[in-house]
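K.L.:
Handing you a structure now.
The values are calculated or read from the model by the stated rules, or taken from the named source; none is laboratory data. Everything numeric in this text was worked out from a predicted model, so none of it was measured. Neighbour counts are summed over all protein chains in view; Cβ atoms, including those assigned to glycine, are modelled from backbone coordinates with ideal geometry. In case anyone asks, the SASA skips ligands and DNA or RNA and just uses the protein heavy atoms, side chains included. Shrake-Rupley method; radii C 1.70, N 1.55, O 1.52, S 1.80 Å.
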Amino acid sequence: MEKSLKLLCNILIIVFTLSLLASCTKRESDGSGYIFRYDLSANPRTLDPQTATDQNAMMVIENLFDGLLRLDTEGNIVAGVAKEYTVSDDGLTYTFTLRQDVFWRDKGDFTAQCTAHDFVYAFMRLFNPATKSQNAESYLNIHNAEQINKGNVSPEYVGVKAINNFTLTISLNQPDADFPRLLTATPARPCNEEFYIKSSGRYGLIAEAVPSNGAFYLTEWTYDPWWTNENRILLQRNSKNSGGWQVFPRALHFYMDRENPFKQFTDGNADGIIISGNRAEELISKNYPYTAAENSVAGIMFNMSGIFADESMRKTLAASIDRSIIDSDIPGYRKASAIVPDSVKLGNAFYRDMTGTITPEINTGGYNFIGSFVELPVIIVPDDDAILEFVIFITQQWQEKLSFFCRIEVLSAGEYTSKYLSGQYDMAAVILTASYNNPCAVLEILTEHNEQAASLIEQARFAATVTQSGQLYKQAELLLIENANIIPICFKTEYFFRNKKSHDLVYNPFTKTIIFREAKIF
């Protein structure tokens, strides 16, 4: 009898142990027991979605707050807090039906249901001139937004209305086919009025004043510029919301000021990294899984207030370039004859698929450069080996074909920015990255000296359909190239690498943010 009891006990212990192992295996297989880690390049200035502008802040905000709509792993617009929406026949009114299983929480004891009123209050804050939000400009097509932002109308008259707790309407001044994409951006995230008021001016600035209606909530925010390896932002799974959305990771840790983020990744101390160039090639050769996105264009811009105000001079330089002999073996850089990068989408379609390839016809201005300058013109170049290589290819062609000589000045990031913003250059090699809020913003930046292109872009923003929008953008793109407002030289690809066991991390190449809520480990 005693032997039988011992045998039974041993069997029960084995069964119990096996069940624990199975449980652990399940947690490991779906990521629910895993803590993901990522290195930020700096401490976020604020975690207030309405005012944050820096990339590090957006990385954290994307994992704390959920908007009406969001982007999936393919960059398509999908349901977020709004489970569905409709658009009126005139394209001016969007009606959203919200989910009822989304909740707020913070590191303390604050809990509340996320409702339509939270989105109304967020937009009131966004446009209120007292908020001083740099993000408001992208949303001024919302009814009364511009007048509120100028201080002429009270924020309560914003064209965002809560019909009831779970029905929201947004009214626009003009139709905007790409408006849903704006609603996936961080400034359109909700704000709970009760929590904001209790924060007493510290909203988004300290751990105790950062709420969450998303997959994770913030539990620690430690930063001291004199520390090393201790500066971090810790996020924990928001169990109240993990039922509605499948939230797999147990926690998410962001680190700041750790030495050598590249080595942290390759040593297994971080689960992702965003890089380009030779180091990307090194990781590709080691078979790290990655997502690549061509999200930037580099080009030569002219200072229109100086010697290059002459259009025939610019066109002569642009028309002389033979791109067929330009080449580079630096990974992630490709010669360009267009402006808009290949990763840009309008709606859920790729811009380039919608508009086709760009084949500009640049008629040379026939300018004779011999004896034109008392001093050599200067082209400033950011400290980027690949961009410099392309610039050298082009300037050599100018010398051989046109007897046009210029001096190349490679500058550090700070020196380059200072000279560029103050206009202390004749030519500048610029890197333009497509915007999260407006993927074709790379075109808008260039329209200051091209009224016709500016008009086309304005029409494109408010076109009735995404297809019409794309065609108008393409016309503007051709005009900017043919008038030599910019000489495109190369596209730049950035790579998001993840550790070899992780899956379903959502990477946005325009904000360089990663959403971890569906991330899995197996």
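K.L.:
Can you name every residue in region 199-231 that is charged (D, E, K, R) and either in a loop (DSSP other than H, G, I, E, B) or free of Cβ contacts under 8 Å to residues at least 12 places away in the same chain (or both)?
P.N.:
Keep residues of region 199-231 that are charged (D, E, K, R), which gives 202, 208, 220, 224, 230.
Across region 199-231, the qualifying residues are R202, D224, E230.
K.L.:
Taking the condition of being buried (at least 21 other Cβ atoms within 10 Å of the Cβ) and under 18 Å from the mean Cα position of the chain (by Cα), how many residues in region 418-436 meet it?
P.N.:
Selection size over region 418-436: 3.
K.L.:
Considering each of R37, R70 in turn, give the residue that is buried (at least 16 other Cβ atoms within 10 Å of the Cβ), modelled with pLDDT under 95 and assigned to a strand (DSSP E or B). Walk me through it before giving the result.
P.N.:
Values: R37 fails: modelled with pLDDT under 95.
R70 is the lone residue from the list that is buried (at least 16 other Cβ atoms within 10 Å of the Cβ), modelled with pLDDT under 95 and assigned to a strand (DSSP E or B).
K.L.:
Looking at region 423-434, I want the residues that are within 12 Å of P382 (Cβ to Cβ) and have a partner that is hydroxyl-bearing (S, T, Y) with Cβ atoms under 6 Å, at least 6 apart or on another chain. Which pairs are those?
P.N.:
A428/Y420; I431/S296
K.L.:
Now a separate question. Going by what's in this entry, would G414 be described as under 29 Å from K474 (Cα atoms), out of contact with any His (no Cβ under 8 Å at 6 or more places or on another chain), of a type in the set (G, A, S) and surrounded by fewer than 17 Cβ atoms within 10 Å (Cβ to Cβ)?
P.N.:
Details: under 29 Å from K474 (Cα atoms): no; out of contact with any His (no Cβ under 8 Å at 6 or more places or on another chain): yes; of a type in the set (G, A, S): yes; surrounded by fewer than 17 Cβ atoms within 10 Å (Cβ to Cβ): yes.
No; evaluated as a whole, the condition is false for this residue.
K.L.:
Check every one of the strands (runs of 3 or more DSSP E) wholly within region 466-522 and list those with 3 or more residues that are under 30 Å from D322 (Cβ atoms).
P.N.:
Numbers: elements: 486-498, 506-508, 513-515.
Those strands (runs of 3 or more DSSP E) span 486-498.
K.L.:
Specify which of the listed residues (S343, S320) is modelled with pLDDT of 90 or more, among the hydroxyl-bearing types (S, T, Y) and crowded, with 16+ Cβ neighbours inside 10 Å.
P.N.:
On the way: S343 fails: modelled with pLDDT of 90 or more.
Exactly one residue qualifies, and that residue is S320.
K.L.:
Still on this structure, I have one more. Could you tell me whether region 153-167 includes any residue that is part of a loop (DSSP other than H, G, I, E, B), out of contact with any Leu (no Cβ under 9 Å at 6 or more places or on another chain) and modelled with pLDDT of 95 or more?
P.N.:
Residues of region 153-167 that are part of a loop (DSSP other than H, G, I, E, B), as a first pass: 153-154, 158-159, 165-166.
This time we only want the ones that are out of contact with any Leu (no Cβ under 9 Å at 6 or more places or on another chain), so: 153-154.
Remaining after also requiring modelled with pLDDT of 95 or more: 153-154.
There is at least one residue in region 153-167 that is part of a loop (DSSP other than H, G, I, E, B), out of contact with any Leu (no Cβ under 9 Å at 6 or more places or on another chain) and modelled with pLDDT of 95 or more.
K.L.:
Let me ask something else about it. When residues of region 84-122 are filtered for being aliphatic (A, V, I, L, M) and open to solvent by 50 Å² or more (accessible area, probe 1.4 Å), how many remain?
P.N.:
We begin by selecting, within region 84-122, every residue aliphatic (A, V, I, L, M); these are 87, 92, 98, 102, 112, 116, 120, 122.
Of the ones still in play, those that are also open to solvent by 50 Å² or more (accessible area, probe 1.4 Å) are 87.
Looking only at that region, the number is 1.
K.L.:
Conditions: (1) touching a residue at least 12 places away in the same chain (Cβ under 8 Å); (2) among the charged types (D, E, K, R); (3) over 26 Å from K286 (Cα atoms); (4) open to solvent by 20 Å² or more (accessible area, probe 1.4 Å). E477 meets all but one. Number of the miss?
P.N.:
It fails just one condition, (4).
K.L.:
Separate question: If you take the residues of region 145-166 that are aliphatic (A, V, I, L, M) and surrounded by fewer than 20 Cβ atoms within 10 Å (Cβ to Cβ), which of them is nearest to the chain's Cα centre (by Cα)?
P.N.:
If we filter region 145-166 for residues that are aliphatic (A, V, I, L, M), which is where we start, we get 145, 148, 153, 158, 160, 162-163.
In the following step, the residues that additionally are surrounded by fewer than 20 Cβ atoms within 10 Å (Cβ to Cβ) were identified as 153, 162-163.
Details: V153: 31, A162: 29, I163: 31 Å.
That would be A162.
K.L.:
Any chance you could count how many residues in region 278-290 are hydroxyl-bearing (S, T, Y) and buried (at least 17 other Cβ atoms within 10 Å of the Cβ)? Can you show your working first?
P.N.:
Quick first cut of region 278-290, residues hydroxyl-bearing (S, T, Y) only: 285, 288, 290.
Those still in the list that are buried (at least 17 other Cβ atoms within 10 Å of the Cβ) too: 288, 290.
Residues meeting the conditions: 2.
K.L.:
Taking into account only those residues within region 475-498 that are over 30 Å from N303 (Cα atoms) and touching a helix residue (DSSP H, G or I) at 6+ places or on another chain (Cβ under 8 Å), which is modelled with the lowest pLDDT?
P.N.:
Of the residues in region 475-498, the ones over 30 Å from N303 (Cα atoms) are 495-498.
Now restrict to residues that are touching a helix residue (DSSP H, G or I) at 6+ places or on another chain (Cβ under 8 Å): 495, 497.
Details: Y495: 93, F497: 96.
Ranking the candidates gives Y495 first.
K.L.:
I'm told N135 meets every condition in (1) within 26 Å of the chain's Cα centre (by Cα); (2) at pLDDT 95 or above except one. Can you identify the failing condition by its number?
P.N.:
It fails just one condition, (2).
K.L.:
Hey, does region 252-266 have a residue that's in contact (Cβ under 8 Å) with a residue 60 or more places away in the chain, surrounded by fewer than 19 Cβ atoms within 10 Å (Cβ to Cβ) and over 24 Å from the mean Cα position of the chain (by Cα)?
P.N.:
no
K.L.:
Inspect region 446-464 for any residue being touching a His at 6+ places or on another chain (Cβ under 9 Å) and not aliphatic (A, V, I, L, M) and give the result as yes or no. Write out each step before concluding.
P.N.:
Keep residues of region 446-464 that are touching a His at 6+ places or on another chain (Cβ under 9 Å), which gives none.
Checked region 446-464: no residue is touching a His at 6+ places or on another chain (Cβ under 9 Å) and not aliphatic (A, V, I, L, M).
K.L.:
The conditions are (1) closer than 30 Å to L234 by Cβ; (2) β-branched (V, I, T); (3) touching a strand residue (DSSP E or B) at 6+ places or on another chain (Cβ under 7 Å), and T186 fails exactly one of them. Which is it?
P.N.:
It is condition (3) that T186 fails.
One line per residue, one yes/no per condition, for (1) within 27 Å of R99 (Cβ to Cβ); (2) among the hydrophobic types (A, V, I, L, M, F, W, C); (3) open to solvent by less than 20 Å² (accessible area, probe 1.4 Å):
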| site | (1), (2), (3) |
| --- | --- |
| M124 | yes, yes, no |
| A130 | no, yes, no |
| S138 | yes, no, no |
| H143 | yes, no, no |
| L168 | yes, yes, yes |
| P175 | yes, no, no |
| T186 | yes, no, yes |
| P190 | yes, no, yes |
| G201 | no, no, no |
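K.L.:
Exactly one condition in (1) closer than 18 Å to H117 by Cβ; (2) in contact (Cβ under 8 Å) with a residue 40 or more places away in the chain is not met by G159; state its number.
P.N.:
Here G159 clears every test but (2).
K.L.:
Can you say whether T355 is farther than 14 Å from P488 by Cα, surrounded by 12 or more Cβ atoms within 10 Å (Cβ to Cβ) and free of Cβ contacts under 8 Å to residues at least 60 places away in the same chain, as far as the supplied structure shows? Even if it seems obvious, please write down each step before you answer.
P.N.:
On the way: farther than 14 Å from P488 by Cα: yes; surrounded by 12 or more Cβ atoms within 10 Å (Cβ to Cβ): yes; free of Cβ contacts under 8 Å to residues at least 60 places away in the same chain: no.
Criteria not met by T355.
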